[in-house]
Amino acid sequence: SCFHVYGAIAKTNVNAGKVVAENGGMVIVSEAATNASVEKNGGIVLAASGVTSLGSNVALSTPEEKAAYALEISTAAELASFRDRVNAGMTYESLTVKLTANIDLSNQGNWTPIGQYKDDNGNTVSGQMFSGIFDGQNHEISGMNIVSRSGKSSYRALFGCVNGTVENLTVKGIVSGVDVAGVVAALFDNGTVKNVNSYVTINGQTGDKSSENKLQQGKAAGIVLATKGTGSRLIENCKNYASISTTTNGASGIICWVDCENTIVKDCENIGNISATGEANAAGIVGTCNKTLSIENCNNKGKIQSASKAGGIIANSNTKAISILNCVNSGLVSGADNKFGEIAGSMIGLVKGCKGTCSQQL
């Protein structure tokens with residue numbers, strides 16, 4: 001007759017009786033019969049994605065109630081439970097998640113990302129997106145271990161798929177695999193990553209060849225692997241301290257692959273050493289850009305080393321819609337002949353107010 005929720009339930013079909021979201025609880029309703037009800041007693045009641053009408057017997061939370069809600073996480077088990085709810089379809093859109101303590105993931109085994117763009121076998125995943133605000137409150141997540149052995153593009157990181165905000169956080173650990181990053185793998189529409197430090201050692205591996213026999217996989221990055229979707233993305237005041245290496249497709253301290261419009265990278269810094277072998281590019285801040293990008297007030301102090309294109313700030317740009325403003329490189333940069341520079345390896349676009357040289361500005 002009555003079911004009280006103190007945790008969280010996704011995709012709930014209420015066929016009869018009453019469901020109550022108690023203080024701290026969350027219920028996401030897919031369907032409710034006319035003789036059933038969903039009420040809140042300090043908790044949150046949300047409509048499932050795509051559901052437009054649930055009737056007056058479902059007491060959906062107001063924008064003010066959602067803004068006041070905060071899921072507090074203080075242990076590794078709670079973080080894993082939160083991850084499992086996101087991967088079950090709970091996006092946390094318009095909601096805030098806060099860390100209230102440092103968390104050690106050493107006993108969690110091989111970490112599965114919070115939200116997934118691809119699974120560990122390289123298959124594209126739908127419905128696993130974090131859309132809320134994850135506020136680390138300047139706490140630290142350490143002991144993260146990710147090993148992807150499939151040889152497929154797996155988009156592994158602490159967060160796999162984000163179109164919300166990840167902020168005020170330090171992450172430590174080791175990640176190994178094809179297409180991997182320290183903090184966020186795929187940053188989607190209106191996604192933001194700010195005030196984040198990564199001490200995650202990244203070991204990028206060679207992936208499968210494409211139908212054209214080209215190695216399109218194997219990207220590695222300290223903060224964000226790649227941009228996806230439409231809209232805009234912001235990466236601000238982030239720092240990478242760890243070493244990043246890969247054998248194919250590119251390595252960078254902050255973001256490896258910009259393939260969507262309207263990306264801004266500002267006030268970021270790379271201190272770690274970045275290395276790439278084979279045909280891969282390497283850079284302190286951005287690996288490769290094919291779309292609209294602005295890099296502002298960024299700094300590279302790490303050693304950048306590549307057998308192909310290398311740049312202290314960016315390795316390679318294929319578009320004029322890029323600007324590099326007030327950036328500084330003080331790290332040693334080395335690459336293939338005529339394809340490396342203190343600011344850029346090879347680029348088309350605007351460079352202004354920077355300290356360093358472009359080896360090949362077309």
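The values are calculated or read from the model by the stated rules, or taken from the named source; none is laboratory data. No experiment lies behind these values; they were computed from the predicted model shown. We place every Cβ from the backbone using ideal geometry, glycine too, and count neighbours over all the protein chains shown. Calculation scope for accessible area: heavy atoms of the full protein, side chains included, ligands and nucleic acids excluded. Shrake-Rupley method; radii C 1.70, N 1.55, O 1.52, S 1.80 Å.
Quick look at the values:
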| quantity | calculated |
| --- | --- |
| By average C-beta atoms within 10 angstrom, highest first, the peptides 318-329, 264-275, 163-174 | 264-275, 163-174, 318-329 |
| Karplus-derived HN-Hα couplings along the stretch 35-47 (A = 6.51, B = -1.76, C = 1.60, θ = phi - 60°), whole Hz, x at Gly and Pro | 9, 10, 9, 10, 10, 10, 10, x, x, 10, 10, 10, 8 |
| Extension reserve of the Ser56-Lys291 stretch, reckoned as 0.36 nm per residue once the Cα distance is removed | 80.0 nm |
| Cα gyration tensor, the stretch 35-145 - rounded (a/c under 1.5), prolate or oblate | oblate |
| Residue among Glu39, Glu140, Glu236 with the largest mean-square fluctuation in a Gaussian network model of the chain, springs linking Cα atoms under 10 Å | Glu39 |
| Pairwise FRET efficiency - Glu22 versus Asn237, Cβ, R0 = 35 Å, nearest 0.05 | 0.40 |
| Distance in nm between pseudo-label sites at Ser150 and Ser330 (7 Å out along the Cβ direction from Cα) | 4.3 nm |
| Calculated Rg/Rh (Cα atoms, Kirkwood Rh) (choose from (i) 1.04; (ii) 0.95; (iii) 0.99), label | (i) |
| Charge dipole magnitude, Cβ of K and R +1, D and E -1 - the stretch 1-140, Cα centre, debye nearest 20 | 320 debye |
| FRET efficiency, Phe3 to Ser30 (Cβ-Cβ, R0 22 Å, nearest 0.05) | 0.90 |
| Amide H within-cut-off set for Glu72, under 5 Å, with H built and near neighbours excluded | Lys98 |
| Length released on extending from Lys355 to Ala321, taking residue separation times 0.36 nm less the Cα-Cα span | 10.2 nm |
| The stretch 238-359: C-alpha gyration tensor shape, a/c 1.5 cut-off, then a/b vs b/c | rounded |
| C-alpha long axis of helix 76-87 to longest principal axis of the chain, angle in ° | 90 degrees |
| Solvent exposure of the stretch 1-82 as accessible area per residue, Å², 1.4 Å probe | 52 Å² |
| Probe 1.4 Å, accessible area per residue of the stretch 231-299, Å² | 29 Å² |
| Cβ-derived FRET efficiency at R0 22 Å, Asn107 paired with Glu72, nearest 0.05 | 0.60 |
| Sorted peptide list for 62-68, 25-31, criterion being average Cβ within 10 angstrom, highest first | 25-31, 62-68 |
